[in-house]
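Colleague: Encoded as structure tokens, here's the structure I'll be asking about.
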Amino acid sequence: MAKDQLHVLNALDVAKTQWYHFTAIVIAGMGFFTDAYDLFCISLVTKLLGRVYFHVPGSGKPGTLPPRYSSAINGVALVGTLAGQLFFGWLGDKLGRKKVYGLTLMLMCLCSVASGLSFGSNPNSVMVTLCFFRFWLGFGIGGDYPLSATIMSEYANKKTRGAFIAAVFAMQGFGILSGGVFAILISAAFDARFPAPSYEDDPIKSTIPQADFVWRIILMVGALPALMTYYWRMKMPETARYTALVAKNTKQAAADMGKVLNQEIEEEQPQGVEKLGTKTIWGLFSKEFAQRHGLHLLGTASTWFLLDIAFYSQNLFQKDIFSAVGWIPAAKSMNAIQEVYKIARAQTLIALCSTVPGYWFTVFLIDRIGRFAIQILGFAMMTVFMFALAIPYNHWTHPENRIGFVMMYALTFFFANFGPNATTFVVPAEIFPARLRSTCHGISAAAGKAGAIVGAFGFLYLAQNTDPKKTDQGYPPGIGVKNSLIVLGVINLLGLFFTFLVPEAKGKSLEEISRENEDDQEEEPSIV
């Protein structure tokens with residue numbers, strides 16, 4: 001039997017779009033801004049670190065990070081993110097969203113700055129210190145996933161909820177662009193102030209001593225926008241749904257949301273405070289949860305896992321794309337600062353042309369055509385383009401066909417973001433009960449990050465040439481790029497099929513889609 005909706009929750013569901021909605025998007029989105037900024041800049045940083053700390057005298061090529069350090073710098077952040085998603089997702093349901101929300105942001109800001117201050121007596125100790133702080137940076141970033149998504153979903157009205165949650169995630173796009181623009185500006189300024197010859201002209205002087213400041217500045221600046229929103233995070237009231245449905249304090253929920261909505265909200269509820277949620281006390285590992293939401297959790301976790309395998313694998317192609325269209329000359333023809341500038345410019349163009357538009361297509365259309373349609377479309381188009389790249393792979397390797405390859409590659413990124421990369425973030429924040437919402441989102445996100453680890457590192461080995469003589473140094477033979485692309489196409493197709501486990505949440509209240517407004521008659525004791 002359905003329960004009557006609480007006045008405060010109904011007021012949130014039917015509220016018109018107001019200034020506080022946009023304020024919440026910016027406050028919640030700044031964590032993702034820092035996340036994307038860090039992920040974008042680390043590829044620039046690793047190349048510069050190789051030149052600064054691992055120069056090989058007499059080598060015809062600039063220094064590069066050893067594979068163990070390159071993998072570690074990226075890997076520890078992903079592992080930290082996975083751990084943070086699980087821990088803070090659980091903590092957000094136990095203590096409340098607000099109580100731990102500021103902690104994640106402060107952890108990100110402190111570790112971003114500390115990463116730039118990584119020092120040591122030798123290159124190895126610098127790398128170890130950097131990896132240490134990047135793990136805790138990832139831990140803070142991981143906590144922001146379930147908390148930001150849950151807070152935004154619980155603040156939003158049901159008509160535009162999907163767009164608001166997607167807009168929080170789309171702040172990653174601004175993080176990518178800001179990171180690129182700042183890297184362009186800082187490298188241009190250093191190159192103008194400290195001109196240096198190319199590596200092939202003078203291997204030693206091509207990496208100026210001041211280059212050690214460049215990567216540190218780039219890493220640390222990412223903390224500033226997030227730090228500026230810390231005060232406002234602390235000023236945000238606890239979400240009404242947590243206060244009313246989990247903490248059972250409808251009076252406080254009505255008072256908090258009355259201030260936010262600038263209207264008076266009645267605090268009484270039809271069935272009384274003492275009855276609120278008393279029959280839906282089953283937990284995450286209960287039979288009742290498995291019956292109601294087990295397949296939903298499998299759907300959100302599996303689709304995010306499969307999506308991130310493909311999505312993070314795609315990023316490995318960027319260096320080949322840049323070289324194919326002539327955006328980046330050979331490393332030895334540039335000095336260290338010029339290489340940062342060229343790569344930042346190329347990555348910014350890719351983001352501007354495909355990544356960012358994909359995010360905002362989702363924001364504008366998610367509440368019109370629904371989450372399910374966008375996710376199905378995204379996985380379907382990613383599958384089509386992946387097979388179109390893989391099956392005639394030899395065709396795309398010819399110089400005259402490389403522009404077509406770039407376009408197909410960009411479209412794959414576009415449909416990842418106008419598709420499952422956004423919807424896998426949105427849906428887990430909508431379909432689970434309030435007392436388990438943050439936990440379930442954290443589990444789904446952690447599954448995605450596990451997929452990212454598989455994609456980022458497994459694909460490096462998988463894509464190696466089948467000929468042992470043609471593999472990258474330190475890697476065993478793989479199945480080749482063509483066969484790897486076919487594998488990714490199959491993974492995208494699996495993601496499409498698992499999408500059918502996820503319900504549509506468009507236009508429904510959170511209590512309706514999670515069935516929190518229903519009595520659990522199975523909990524009633526029976527007298528025999």
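Every read-out reported here was derived from the displayed coordinates using simple, explicitly stated rules and does not represent laboratory data. Predicted model, so just to flag it, every value in this text is computed and none were measured. Glycine gets a Cβ as well: all are built from the backbone with ideal geometry, and neighbour counts include every protein chain shown.
Colleague: Give me the distance in nm between label points sitting 7 Å out from Cα along the Cα-to-Cβ direction at Q210 and N394, one decimal.
Modeller: 5.2 nm
Colleague: Full extension from F364 to S125: what is 0.36 nm times the residue separation minus their Cα-Cα distance, to one decimal in nm?
Modeller: Full extension from F364 to S125 adds 81.3 nm.
Colleague: From Cα pairs below 8 angstrom and at least 6 apart in sequence, can you work out the relative contact order of the chain, rounded to a whole percent? Walk me through the intermediate numbers first.
Modeller: Values: 922 pairs, mean separation 127.5, N = 528.
Relative contact order of the chain: 24 percent.
Colleague: Let me ask you something else. Kindly express, to the nearest 10 degrees and within the range 0 to 90, the angle between helix 356-369's C-alpha long axis and the longest C-alpha principal axis of the chain.
Modeller: With both axes taken from Cα atoms, the answer is about 20 degrees.
Colleague: Can you list the HN-Hα couplings for region 237-250, worked out from phi with the Karplus curve (6.51, -1.76, 1.60; θ = phi - 60°), rounded to whole Hz and with x for Gly and Pro?
Modeller: These are the phi-based 3J(HN,Hα) values: x, 4, 5, 4, 5, 5, 4, 7, 8, 9, 7, 6, 10, 5 Hz.
Colleague: Okay, moving on. Whole-Hz Karplus ³J(HN,Hα) for region 17-32, in order, using 6.51 cos²θ - 1.76 cosθ + 1.60 and θ = phi - 60°, x for Gly and Pro?
Modeller: 4, 10, 4, 5, 4, 5, 4, 5, 4, 5, 4, 6, x, 5, x, 6
Colleague: Between I281 and C353, what length comes free when the chain is fully extended (0.36 nm per residue of separation minus the Cα-Cα distance, one decimal in nm)?
Modeller: On the way: separation 72, 0.36 × 72 = 25.92 nm, distance 4.79 nm.
Extra length available between I281 and C353 comes to 21.1 nm.
Colleague: A follow-up question, please. Just how large is the dipole of the chain about the Cα centre, in debye to the nearest 20, putting +1 at every Lys and Arg Cβ and -1 at every Asp and Glu Cβ?
Modeller: In total the dipole reaches around 1040 debye.
Colleague: Quick one: what are the phi-derived ³J(HN,Hα) couplings along region 205-218, Karplus 6.51/-1.76/1.60 with θ = phi - 60°, whole Hz, x for glycine and proline?
Modeller: Working through the residues one at a time gives 6, 5, 10, 6, x, 5, 4, 5, 7, 4, 5, 5, 5, 4 Hz.
Colleague: Could I ask something else about it? Under 26 Å from the Cα of K251, which lysines turn up, not counting those fewer than eight places away in the same chain?
Modeller: Once the sequence-local lysines are set aside, what remains near K251 is K3, K16, K94, K98, K99, K158, K159, K235, K259, K275, K279, K508.
Colleague: Taking the chain as the reference, fit the longest principal axis to its C-alpha atoms, fit the long axis of helix 434-453 to the helix C-alpha atoms, and give the angle between the two in degrees, 0 to 90, nearest 10.
Modeller: Tilt relative to the chain: about 20 degrees.
Colleague: If you take the charge dipole of the chain about its Cα centre, with +1 on Lys and Arg Cβ and -1 on Asp and Glu Cβ, which of P503, N401, V260 is farthest toward its positive end?
Modeller: It is N401.
Colleague: What is the calculated FRET efficiency for V14 to F500, with r their C-beta to C-beta distance and R₀ = 41 Å, to the nearest 0.05?
Modeller: Values: r = 31 Å, r/R0 = 0.75.
Using R0 = 41 Å, I get an efficiency of 0.85.
Colleague: Would you mind checking the tilt of helix 336-350 against the longest principal axis of the Cα atoms of the chain, expressed as 0 to 90 degrees and rounded to 10?
Modeller: Helix 336-350 sits at roughly 40 degrees to that axis.
Colleague: Using modelled amide H (1.01 Å from N, peptide plane; none on Pro or chain starts), what sits under 5 Å from the amide H of E430, excluding residues fewer than 5 places away?
Modeller: Result for E430 returns nothing.
Colleague: With each label point set 7 Å from Cα along the Cα-Cβ vector, what nm distance links L185 and A330?
Modeller: My value for the distance between the label points is 3.5 nm.
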